[in-house]
Protein chains: 4
Amino acid sequence: MVIIMNIDATEKDISEVVNTVEETGLQAKIMEGAQQKIVGVIGDKTKLASVAIEAMNGVENIVAISKSYKLASREFHPQSTVIDIGGVKIGGAEPVIMAGPCAVESREQLLMTAEIVKKGGAQFLRGGAYKPRTSPYSFQGLEVEGLKYLAEAREKTGLKIITEVTTVEGIAPVAEYSDVMQIGARNMQNFGLLKEVGKCGKPVMLKRGLSATIDEWLNAAEYIMNAGTPDVILCERGIRTYETYTRNTLDLSAVAAVKHLSHLPIIVDPSHGTGKWRMIKPMALAAIAAGADGLMMEVHPNPAKAMSDGSQSLTGEHYLDLMEGVRKLSKFMRDENLAPLVA
Amino acid sequence: MVIIMNIDATEKDISEVVNTVEETGLQAKIMEGAQQKIVGVIGDKTKLASVAIEAMNGVENIVAISKSYKLASREFHPQSTVIDIGGVKIGGAEPVIMAGPCAVESREQLLMTAEIVKKGGAQFLRGGAYKPRTSPYSFQGLEVEGLKYLAEAREKTGLKIITEVTTVEGIAPVAEYSDVMQIGARNMQNFGLLKEVGKCGKPVMLKRGLSATIDEWLNAAEYIMNAGTPDVILCERGIRTYETYTRNTLDLSAVAAVKHLSHLPIIVDPSHGTGKWRMIKPMALAAIAAGADGLMMEVHPNPAKAMSDGSQSLTGEHYLDLMEGVRKLSKFMRDENLAPLVA
Amino acid sequence: MVIIMNIDATEKDISEVVNTVEETGLQAKIMEGAQQKIVGVIGDKTKLASVAIEAMNGVENIVAISKSYKLASREFHPQSTVIDIGGVKIGGAEPVIMAGPCAVESREQLLMTAEIVKKGGAQFLRGGAYKPRTSPYSFQGLEVEGLKYLAEAREKTGLKIITEVTTVEGIAPVAEYSDVMQIGARNMQNFGLLKEVGKCGKPVMLKRGLSATIDEWLNAAEYIMNAGTPDVILCERGIRTYETYTRNTLDLSAVAAVKHLSHLPIIVDPSHGTGKWRMIKPMALAAIAAGADGLMMEVHPNPAKAMSDGSQSLTGEHYLDLMEGVRKLSKFMRDENLAPLVA
Amino acid sequence: MVIIMNIDATEKDISEVVNTVEETGLQAKIMEGAQQKIVGVIGDKTKLASVAIEAMNGVENIVAISKSYKLASREFHPQSTVIDIGGVKIGGAEPVIMAGPCAVESREQLLMTAEIVKKGGAQFLRGGAYKPRTSPYSFQGLEVEGLKYLAEAREKTGLKIITEVTTVEGIAPVAEYSDVMQIGARNMQNFGLLKEVGKCGKPVMLKRGLSATIDEWLNAAEYIMNAGTPDVILCERGIRTYETYTRNTLDLSAVAAVKHLSHLPIIVDPSHGTGKWRMIKPMALAAIAAGADGLMMEVHPNPAKAMSDGSQSLTGEHYLDLMEGVRKLSKFMRDENLAPLVA
């Protein structure tokens, strides 16, 4: 941590800053700049959690040097994490595909979609039983009934299940019926939920918040890991920008950034990332080329009748075409050794 | 709702859209444009929640006309809401001031701050007992112990208490010890929490999410109101933008927007909105001039020792000076009848 | 400047960084952190303009300490600048008001508006003769003919003239017919234009770019000042965010920020800042309360017939009402000594 | 265009809106909604350029239906444009690569880089002779001297030249020495420059503005095309967001969006898009997989000595490796017919 002093900070200001740092057991070193002094702080900065250096007289700014997350950091865990879920490896050589409807709407809809998803070669069936919706008057999900249909679809197809958990009370049923629990973008900093989900021990997929920085996202993963679950999968799903043509702006550079900063696997959701079914295939291929460990996509047998997010769902036909392309491209990337190195 | 068809949509595409709309019991009217057709939908659009028109062939885009919130809307409730909390009126002629430390750190710190807050003339003491923090290694709050100190401070000073609730389990204790429950920015779309808080019936202050649109914010208020609590106070606390000099970008135009769109009172938090104590006074005065119903501010007897957000806390001296200015300005605004009319 | 090394940077990496810095004549000091080393750079960092330290092996990140602008900085010019334009003082005790139509549309429209503007008590008439428009098919301005109408309006009313210059060829005529030349938001980083305008010596009002940081904005002012014009007025006019209810998000905290970082006067444009005439009055009052040195507003005798930006123009009646409020409020701010101190 | 009336708009308000529309020669149709009326406008909306419907009484909002650009639109020009520059086809089957230093720094640097660029298989050499820089104290380019070095490098290597034009005066020399003129992000809405460049007739590459919407970008292309130059190449180079880890957020979904909305070719600049050399290769591969027509990249023989943007420049070695990957991937995309269809 580096403390930047004002150009007109007094000697007294500086010595008070130094004393405050040293009282916490850390070391402080003064460096004379051309115009102003800076104070370097050496040691574990969490010791400074109880001190607001920024509010001291003569302090212009504080610059963090080391990251505040550890368990999620590649610095402390150089080898990439591979999560094995009943034989399906996330973060391994082959991309993992999670597909299905945005929401579980009925037994028929889900089972029909599951067959298509299976046929295309995905390993996971997705589908929301608890739906966070902007308006209280939109469809909120079938809840436990929906979870049971997911379990039935697993039984019939052998697909693994990933589904969203939105409340602490929902953890037990979601954990019971799913293979991976998903934390949605709106709950990325619902810290109460993160801690409880982390205690559960089951693998968790953590979507990036609507306007979360990569640093905040990795800190959110740290909450889950610190609570006891090492198996966290990150999911880029687009961030909020000023652009209105797309629902969100899919940040594929986050794949490369996360691969550098963290050892955790990262998958990409081009359905939410774009909000337009026409854009899903090019963005899915781009995600694979960028080095993503997998994809999450919305598929619906009849998107125009979908109870949520129909415009961003693939029909069965489009999905099967896309999966063929993804399979070929990911094989090509491996064969040609084009996957990005972690530098 | 208006459905915009592609320039090359076929007659069949259009008639399928019309049929789909009419199957839900709504009316559809086709309008011929110069280049493309549009289909107007007449009636309660929540009936369309289960249909994804956007995914139908030939559909370019959908434009919402009416708002999706009702209870929070001024259209359906033209008169401004005034919330009476034990004699303190929020949304009335005089601004309501909520001040105190970011976090309750100790009994001494809280009681000392409460005295200052009282002296300055605020009606509410704020202070977090449950703290949502980006890193799991930062101070997370004193929890129930903190709530008890707040209750003690209320006893001693007569100040009302506002404090944040972050989990469903926290609702009962927070409701017991506080006068207004606060939903923080990170939980603005934690819909499970909104619904449970709304069932409680106690007044709620809902902070705007980090990157929430005004429309999403009013829909979040709708969740609480729809669950049974009419007494919702909105709080603008800055939004996330590309600017890094300030912690957030305080959107004072949201005050004028909310006054037009909703009947709910709105207060402004210039501490989180700017992240810099130097900017609190000018932004507090600006908020009052813009027509805000009150202010929430962080005050700390010794900001440099604050366990969170010290750099955006006022010292006692700065707070007393600011309060004098706010009092004078708000009296002036009333005397001169400068408060903005709702048009 | 502080250079942050990677956790696994080698001794060789560090000594190469130190050598590179020292070759430019600057001093480098190594500081040992708990996890990684940092290298402090002492001296005038413009000497490093020709070296890309960030691209050297082992370098994680670079943090700037001192600002890259000097002439615009309060650090080097502690006293606030007051610009005297024929007796009208910008940056002095009283706010300066610039009002008029978005575009000069006709002689009649301009003269009629000028009378209203004069009657309300503004000191400047604004009106665009050269209009930067998103579409090439929108009205582009009357050009020199428009400038002549502005000069005629000055003759008739005694108002000073401010109008936008959009091209280098336009500088001579705009300089001839106006008192202050305006650089619009879209040209804030049109550096060729900034340099030529700066050579002209005439006062310049520099609008903040659509998504410019405060730092970039002050650097743009530095271009003009460095070319020879000390009289630069800054104008906050809203920044681009994800919010769509308002045309832009008016960043009133920029007023407080600029007052701290720079000695230049700053005025606020609530018309472009909000894009909605209903919001102009509350935002104008808020700007004055925040300490702005003036306001720029659009007024049109018949907004519904305006050739551009009609929805954000005040009618004459609304303008006169607003001006009365602004006058009262700014007098009150001075009388009560509520204007923010520069700290 | 659809005009949405307020819920409390009067009959008189509505008939005035209808009259105003009809006075311009357009048709207006009233549609009765459940809560409010809307007025559809039929015909060429540029006729409404001189009327501000939004400012009329009772008008809540205006929604554009048709786009304001025509020449750049795929609706009016369904076939993709291929631009032939001395035999190099932009927008054809093979991607076009433009590589070179950010700035031309010296004859030696440029010629050395040109050899590397040629060896890697790029068709274009890039290099700025006029550099728009945030600070006036940063290196501003070698100007005409730089252009001559570019011409010499073309002579020696056979590479085509692309270089940025920043001022109207610069058009003649840049047109003389280059094959494609580049408009940089900061000048995307420098309309005076766009019009003059468009008169020149030479192919132009138009970078997306720092915070430009896709609609604004295509309107900027329309300015150039409307002035006489049909050969416009679009270049996505990252947009400004709140994320600070990357210099910008590379919006690869813009590739798919532009392919749908426009017939113009689009290339991607992963150097400016990310600001980090480590991320260039994965983003370059992703751009190709997304369907981009080419890439623009910064290459420098010694990035650490680069006079600008060194941290985002590839070394020769990294560039050659990347080019091999791009070549293989683009061949694979063609062979497997994976390029996205325009739907």
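Bear in mind that the values in this text are calculations on the coordinates, not laboratory data. Small disclaimer: the values here were computed from a predicted structure and weren't measured. Quick reminder, even Gly has a Cβ in these numbers, built from the backbone with ideal geometry, and neighbours come from all protein chains shown.
Placing the label point 7 Å from Cα along the Cα-to-Cβ direction, what are the distances from residue C:320 to the equivalent spots in the other copies, shortest first, in nm to one decimal?
With the label placed 7 Å along Cα→Cβ, residue C:320 yields 4.7, 7.4, 7.9 nm.
Please list, in order along the stretch B:73-82, the HN-Hα scalar couplings obtained from phi with the Karplus expression 6.51 cos²θ - 1.76 cosθ + 1.60 (θ = phi - 60°), rounded to whole Hz, x for Gly and Pro.
Per residue, the Karplus-derived 3J(HN,Hα) values read 8, 6, 4, 9, 7, x, 7, 5, 7, 10 Hz.
Could you state the angle between the C-alpha long axis of helix D:191-200 and the longest principal axis of the C-alpha atoms of chain D, as a value from 0 to 90 degrees rounded to the nearest 10?
60 degrees
Give a residue-ordered list of calculated ³J(HN,Hα) values for the stretch B:138-143 (Karplus: 6.51 cos²θ - 1.76 cosθ + 1.60, θ = phi - 60°; whole Hz; x for Gly, Pro).
7, 4, 9, x, 8, 6
Inter-copy label distances at residue B:335, 7 Å along the Cα→beta-carbon direction, one decimal in nm, shortest first?
0.7, 8.4, 8.4
If amide H atoms are built 1.01 Å from N in the plane of the peptide, which residues on other chains or at least 5 residues away come under 5 Å of the amide H of residue A:60?
A:4, A:5, A:6
Restricting attention to the alpha-carbon atoms of the stretch B:193-343, what are Rg (one decimal) and Dmax (integer), both in Å?
16.0, 46
Given Cα pairs under 8 Å that are at least 6 residues apart, what percent is the relative contact order of the stretch C:74-335? Let's see the in-between values first.
Values: 563 pairs, mean separation 51.0, N = 262.
With pairs under 8 Å counted, the relative contact order is 19 percent.
If you fit an axis through the alpha-carbon atoms of helix D:11-23 and take the longest principal axis of the Cα set of chain D, what angle between them do you get, 0 to 90°, nearest 10?
Between helix and principal axis, roughly 60 degrees.
Based on Cβ point charges of +1 for Lys and Arg and -1 for Asp and Glu, what charge dipole magnitude is obtained for the stretch A:2-63 about its Cα centre, in debye rounded to the nearest 20?
180 debye
Rounded to the nearest 5, what % of DSSP beta bridges with both residues in the protein assembly as shown are antiparallel?
Values: 72 of 176 bridges.
In the protein assembly as shown, approximately 40 percent of DSSP beta bridges are antiparallel ones.
Near residue C:148, within a Cβ-to-Cβ distance under 12 Å, what is the net charge of the other residues, with Lys and Arg +1 and Asp and Glu -1?
Values: positive: C:107, C:154; negative: C:143, C:145, C:152, C:155, C:176.
With Lys, Arg at +1 and Asp, Glu at -1, the net is -3.
Considering amide H positions built from the backbone, and no H for Pro or chain starts, which residues 5 or more places from residue B:206, or on another chain, come under 5 Å of its amide H?
Close amide H contacts, sequence-distant or interchain: B:183, B:233, B:234, B:235.
Pairs to check: C:89/C:118; A:276/A:305; B:160/B:195; C:47/D:305; C:37/D:281. Give those whose C-alpha atoms are more than 19 Å from each other in this structure. Walk me through the numbers on the way to the answer.
Details: C:89/C:118 17 Å; A:276/A:305 16 Å; B:160/B:195 24 Å; C:47/D:305 13 Å; C:37/D:281 28 Å.
Pairs exceeding 19 Å: B:160/B:195; C:37/D:281.
Under a Cβ-Cβ cut-off of 13 Å, what is the net charge of the residues other than residue A:334 that fall near it, where Lys and Arg count +1 and Asp and Glu count -1?
Once positives and negatives cancel, what remains is 0.
HN-Hα J couplings of the stretch A:205-213 from phi, Karplus 6.51/-1.76/1.60, θ = phi - 60°, integer Hz, Gly and Pro as x?
3J(HN,Hα) across the stretch A:205-213, in whole Hz: 9, 10, 6, 5, x, 3, 9, 7, 6.
Quote the Stokes-Einstein diffusion coefficient, in whole µm² s⁻¹, for chain D, based on the Kirkwood radius over alpha carbon pairs, a temperature of 37 °C and a viscosity of 0.692 mPa s.
Working: Rh = 21.6 Å.
Diffusion coefficient, whole number: 152 µm²/s.
By how many degrees, 0 to 90 and rounded to 10, does the Cα axis of helix D:316-335 deviate from the longest principal axis of chain D?
Once rounded, one gets 50 degrees.
Every other copy gets compared here: list the nm distances from the residue D:201 label point (7 Å along Cα to Cβ) to its counterparts, shortest first, one decimal.
When each copy's label point is compared with this one, the spacings are 4.2, 7.7, 8.2 nm.
Considering the dipole of the stretch D:226-343 built from charges on the beta carbon (Lys and Arg +1, Asp and Glu -1) around the Cα centre, which of D:270, D:242, D:316 is farthest to its positive end?
D:242
Could you tell me how far the Cα centroid of the stretch B:223-296 sits from the Cα centroid of the stretch C:49-91, in Å?
The stretch C:49-91 and the stretch B:223-296 have Cα centres separated by 30 Å.
5 Å is the cut-off here: which amide hydrogens, built 1.01 Å from N in the peptide plane, fall below it relative to residue C:262, excluding neighbours closer than 5 in sequence?
For residue C:262, whose amide H was placed from the backbone, the distant partners under 5 Å are C:74.
Can you tell me the relative contact order of the stretch A:183-229? Whole percent, Cα pairs under 8 Å, sequence separation 6 or more. Don't jump to the answer; show the numbers that get you there.
On the way: 57 pairs, mean separation 24.1, N = 47.
Result for the stretch A:183-229 is 51 percent.
Taking the Cα centre of the stretch D:278-328 as origin, work out the dipole magnitude from +1 charges on Lys and Arg Cβ and -1 charges on Asp and Glu Cβ, in debye rounded to 20. Spell out each step's value before the answer.
Working: 5 positive and 6 negative charges, 20 e Å.
Around 100 debye, computed over the stretch D:278-328.
Between D and C, which D residue has the Cβ nearest their rotation axis, distance in Å?
D:211, 2
For chain C, give the magnitude of the charge dipole about the Cα centre (Cβ charges: +1 Lys/Arg, -1 Asp/Glu; no others), in debye to the nearest 20.
Details: 37 positive and 41 negative charges, 194 e Å.
Approximately 940 debye in magnitude.
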